[in-house]
Structures are given as C-alpha cells and as structure tokens.
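K.L.:
Mind having a look at this structure? Questions to follow.
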C-alpha cells in the first residue's frame, strides 16, 4: 500500500511540474527548451567575483562562444538564450535563487542573455537570479552562463 501511494505521489508531482531533470539538463515541458544544469566549480564562482572568464563564467562574447562550443549529454546544438527565453526560468514568488528548485546548480549572480540593448550595443541584458532582477551590463563584464537548446 505504501509503495502505491509513493508511486502515485511521484507521478502526480511530475505531472504537475513544469520541469524535469535528466542528467545535466533540465527540460521545460511548457516551452520544450532544454537547459544546461551543470555544477559551477569553486574556481568559476571565484572568477565570477573577480570579473574574469573561465568555463561557465565570462563576458558577452565568451558566453556566446561557450554555448556554441558546448557538448553536453550527447548534444552539440547549444546556444546562449535570449532575454525572453532566460526570463522563462524566473519564479518571482521566490528568491535566493528566484529559480525553480529542480535546478541544482544555481550560484546567485547575473546570467547573460544573448540580447543586446537596442539603445546601446556595448551592453547586453542579464538577469540577476538572486531576486529575478534584470539589468544591462557592459559586454566586457563577466557573468554566469547557462546554455539552452530547443
């Protein structure tokens, strides 16, 4: 009986969820986007704080190149999400981070989108995942990188 209740609970939970995780990817059921969810190393977190580039941390051009070169879970068609796509991850009802808890690897900070600011092409849009704030950053500034495929 306990096994049936547990199985039913898991099935209902997965049916009500907008996301599911498999290996190093999270799939958004509503949009069919697949998101990279790999661990950020302590080196990457430290480099973010120092404003340098390394793997999943970098400036705007580094972010685009990193995603285009990424091979993850057998897929090589990754790219940097645009602002609207990245914003679909935000849950404004929570903070620290303002992201669905299915994502296991979410250091607080700013995450690049591929969207350039129209009025100033030296800047790009980012989302600060801690409180779901959006802002512009100079494209030479470092931010976290989270890639998408669809």
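The values are calculated or read from the model by the stated rules, or taken from the named source; none is laboratory data. Owing to the predicted nature of the structure, the values given are computational and were not obtained by experimental measurement. We place every Cβ from the backbone using ideal geometry, glycine too, and count neighbours over all the protein chains shown.
K.L.:
Please pick out the residue among 68, 135 that is part of a helix (DSSP H, G or I), exposed (fewer than 14 other Cβ atoms within 10 Å of the Cβ), out of contact with any helix residue (DSSP H, G or I) (no Cβ under 9 Å at 6 or more places or on another chain) and modelled with pLDDT of 95 or more.
P.N.:
Unique residue meeting the criteria: 68.
K.L.:
Here's a follow-up. Hey, among the residues in the stretch 41-65 that are in contact with a helix residue (DSSP H, G or I) (Cβ under 8 Å, 6 or more places away or on another chain), assigned to a loop (DSSP other than H, G, I, E, B) and crowded, with 16+ Cβ neighbours inside 10 Å, which one's modelled with the lowest pLDDT?
P.N.:
53
K.L.:
Can I ask one more? So which of 80, 86 ends up being in contact with a strand residue (DSSP E or B) (Cβ under 8 Å, 6 or more places away or on another chain) and either surrounded by fewer than 19 Cβ atoms within 10 Å (Cβ to Cβ) or closer than 14 Å to residue 133 by Cβ (or both)?
P.N.:
Every option except 86 fails the conditions.
K.L.:
A further question follows. Take the residues in the stretch 117-132 that are without any contact (Cβ under 8 Å) to a residue 60 or more places away in the chain and in contact with a helix residue (DSSP H, G or I) (Cβ under 8 Å, 6 or more places away or on another chain), then tell me which one is nearest to residue 49 (Cα to Cα).
P.N.:
Going through the qualifying residues, I end up with 127.
K.L.:
What's the number of the only condition in (1) touching a helix residue (DSSP H, G or I) at 6+ places or on another chain (Cβ under 8 Å); (2) surrounded by fewer than 20 Cβ atoms within 10 Å (Cβ to Cβ) that residue 113 fails to meet?
P.N.:
For residue 113, the exception is condition (2).
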